[in-house]
Every structure is written in C-alpha cells, then in structure tokens.
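Down below is the structure, laid out as structure tokens.
Nothing in this text is a laboratory measurement; each read-out follows from the coordinates by a stated rule. Please read these numbers as outputs of a predicted model, since none were measured by experiment. No Cβ is skipped: glycine too gets one built from the backbone with ideal geometry, and neighbour counts run over all protein chains shown.
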Ligand code: PAF
C-alpha cells in the first residue's frame, strides 16, 4: 500500500494505474468505511482512499478542530482491507490558495442539513470535485448515511458531466441499530446507550408509512416529541422524496425519512428509505 501526500506524486503513481476506484474519507475509519472499500475493490485494479479533514465543509462553530484524527490506525485498517493507494494531503496541498471557485449545489444546499449547516454542501461538493480531478477515478463510493450528501454528489456528477460513476452504499449499523459514524466517538457512555433510539424511531416511522399512514407531518412531529422527551434536540425529522428531498406529492412512492438531532453535544444524522 502506497501512502502519498502530494498531488504530483499521486498523479505519477496513478499514471501506472488509470483503472481506479475511489473512496473519499475524512479518516477515523470504522466498519462503514471498510464496507465502502469492500464494494470498491472488485470494481478496479486499484483502490484509492483519501484521508482529508476538509475545513471548507465545517461551519465556524463546528467540530473541525476536535474532529478525530487517527492516521496511523486508519492506515493499518486500510492495509488490512487491501487498499492500494492512500492519499493523505495536508491543507496546503488541497488549498494552496484561497478557494474562490466553488461548487454551488443547487437548492439542495439550503434544505434540511443545509439549512442548519450553511455552506456545508458547497464545501463537500468543492473538495470532492477537486479530489476527483486529482485521482481521476472511473467510480467513487459514498455511504447512504449521509443521504443529502449522496444526492448532492450524484447531481454534481450528472450535471457537470463528470466521467465518474457514483455508487451509493447502504448504511452500516452497530448491532443495536446505531448508524456507524466517526462522530459516535464523541458520545458519553450513557449517550451511546440512548443513541439507537434515533434509528428505532425512524424504523417505526418507516413501518407506519409502509402500512399506509400518509399523515407525514404527524409522523414527523411524533418522532420529534419522542426524541425531545428523551433529552434529544432534534434539528429535523422529515419525510421526503428520495429523488430530490422535496415534500412527497400524491403519487410519489419512493420516500426517505431523514433525521438530524443533537444528543448532548453530538449531532447525529440517520435515515431510512421506504418504497410504497
Ligand atoms: O463523507 C465524508 O466523509 C466527507 O463529507 C467527504 C465526502 C470525504 C468530503 O470531505
């Protein structure tokens, strides 16, 4: 496994291996990332993983500084997973000058997570486009836990005619249902015990919709109330269309229930799809 820090060295290495598939990450790798790598590996001769904590996608009051950085442990996991190239640039390598050209992800960036985290999806889309231009993969894999991010990046690839297939992978969960996330590391012991409630309530909402309930607003309010009752501060619980995250209309049959809620100081997100 080659660990590469500069764009020049990366390009030189990948000239020998143009058939590559890419998994962008911010490190602090868990089973969810390894699953993305397992999906990636059979698709190309060379699997490239990037580790870069992207300041551009964090708000000024967010956790950029305390975001867990575990480079050595990450590399050990990537080696075990059979990754070929790790790209681990520093900030100057990715942003040698102020990033004045950015990717504005349509109106998707102003709803749900975008409404609470202004500029977040612009930061994600911009760094992912830059990383795509550095790695030149034919495919890239993202996890559906970040549902809105998946949609932003799929739309970006389509609308900007990128020659890259975006592949979306199912969320990996702990045995108690909690979606795996680097931010789970912030949870105190009692919070970790409480955290699976988010997925339990989303599953209950999904089951109600699948069973024929169409009172989406009442379902959203029920989940919010239940979370608040157990000490959570919900940002949103929303039943939306899978295709564009707009509110469902009469005939829509592919829906997703999205949640973002704070437990103590930790903001957790999760979602479940439901097809009617
Ligand atoms: O999902 C993430 O870890 C990040 O948003 C990504 C896609 C690596 C961009 O920084």
Legend entry - the range 3-144, Cα convex hull volume normalised per residue, Å³: 117 Å³
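Hey, fewest Cβ within 10 Å first, where do 30, 120, 230 land in order?
Values: 30 16, 120 22, 230 11.
By the 10 Å Cβ count, ascending: 230, 30, 120.
Tell me the Kirkwood radius of the chain: reciprocal of the mean inverse pair distance over distinct alpha-carbon atoms, in Å. Present the calculation step by step, with values, prior to reporting the outcome.
Details: mean 1/r = 0.0510 Å⁻¹.
Its Kirkwood hydrodynamic radius stands at 19.6 Å.
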Legend entry - Inter-centroid distance (Cα atoms) of the range 255-276 relative to the range 51-82, Å: 22 Å
Legend entry - Most mobile of 124, 223, 102 in a GNM of the chain (Cα contacts under 10 Å): 102
Inset, instruction - Counting helices only, and only those DSSP H runs with n ≥ 4, report the 222 nm mean residue ellipticity of the chain as the sum of -39,500 (n - 2.57) divided by its residues, in deg cm²/dmol to the nearest 500. - result: -10500 deg cm²/dmol
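What shape does the range 162-240 take by its C-alpha gyration tensor, where a ≥ b ≥ c are the square roots of the eigenvalues and a/c under 1.5 counts as rounded, a/b above b/c as prolate, and the rest as oblate?
Values: a/c = 1.93, a/b = 1.06, b/c = 1.82.
The shape class here is oblate.
Need one number: % antiparallel among DSSP beta bridges in the chain, to the nearest 5. Numbers along the way, then the final one.
Details: 19 of 38 bridges.
Among the beta bridges of the chain, antiparallel pairing accounts for roughly 50 percent.
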Inset, instruction - Could I have the simple spin-label model distance between residue 189 and residue 225, label points 7 Å from Cα toward Cβ, reported in nm to one decimal? - result: 3.4 nm
Legend entry - Cβ-based exposure ranking for 22, 58, in which fewest neighbours within 10 Å come first: 58, 22
Inset, instruction - Could you please state, rounded to a whole Å, how far the C-alpha centre of the range 128-162 is from the C-alpha centre of the range 176-221? - result: 26 Å
Inset, instruction - Would you list the P(r) distribution for the range 61-107, with all Cα-Cα distances sorted into 5 Å bins from 0 and each bin expressed as a whole %? - result: 5, 13, 14, 17, 20, 15, 11, 4, 0
Legend entry - Most fluctuating residue given options 149, 217, 109, as computed from a GNM of the chain linking Cα atoms under 10 Å: 217
Legend entry - Virtual spin-label span in nm between residue 155 and residue 64, 7 Å along Cα→Cβ: 2.4 nm
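When the Kirkwood hydrodynamic radius is evaluated over all pairs of different C-alpha atoms of the range 30-73, what value in angstrom, to one decimal, is obtained?
Values: mean 1/r = 0.0782 Å⁻¹.
Taking every pair of different Cα atoms in the range 30-73, averaging 1/r and inverting gives 12.8 Å.
Let me know the shape class of the range 130-276, please: from the alpha-carbon gyration tensor, a ≥ b ≥ c as square roots of the eigenvalues, rounded when a/c is under 1.5, otherwise prolate if a/b is greater than b/c, or oblate. Please list the in-between numbers first.
On the way: a/c = 2.35, a/b = 1.30, b/c = 1.81.
Since a/c reaches 1.5 but b/c is at least a/b, the shape of the range 130-276 is classed as oblate.
Answer rounded, prolate or oblate for the range 188-231, using the Cα gyration tensor with square roots of eigenvalues a ≥ b ≥ c: rounded when a/c is under 1.5, else prolate when a/b is larger than b/c, else oblate. Spell out each step's value before the answer.
On the way: a/c = 5.23, a/b = 2.02, b/c = 2.58.
Since a/c reaches 1.5 but b/c is at least a/b, the shape of the range 188-231 is classed as oblate.
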